[in-house]
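Quick note: the coordinates plus some simple rules give every number you see, no bench work behind them. Model, not experiment: these values are computed from the prediction. Please note: Cβ atoms are built from the backbone with ideal geometry, for glycine as well, and neighbour counts cover all protein chains shown.
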Amino acid sequence: MDGSVRAASDTTVGPPPYYRGNEGSLVSALKTLLFFTVLMVTLPIGLYFATKAYVFEGSMKMSSSDSYFYAAIVAVLAVHVVLALFVYVAWNEGTTPKGKGKDD
């Protein structure tokens, strides 16, 4: 009788081990967010100064005040493109392409 009680107490284990879930998915999402954060900071600022100096003032010989205006438009367009790309990537991040399911 003592052996059966001991066997029953041995089968009860403590709480289940900690399961971290989709850690790879979290890392992938953070990498995507970091990439687009860096892109959001660098691309509009870089395009602003590059288009102002080389395109509008350099190639098109615009005045300084006109080149400020048009370079700002280019920077705003760059922000919108980066935001649209981020939304597209974030929307499609968890989906698998057609024909690439788990059964293939």
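Results, tabulated for the structure shown:
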{"item": "Residues residue 72 and residue 37, FRET efficiency given R0 of 30 Å [Cβ-Cβ distance, rounded to 0.05]", "result": "0.90"}
{"item": "Residue 64-residue 95 pseudo-label distance in nm [points 7 Å out on the Cα-to-Cβ vector]", "result": "5.0"}
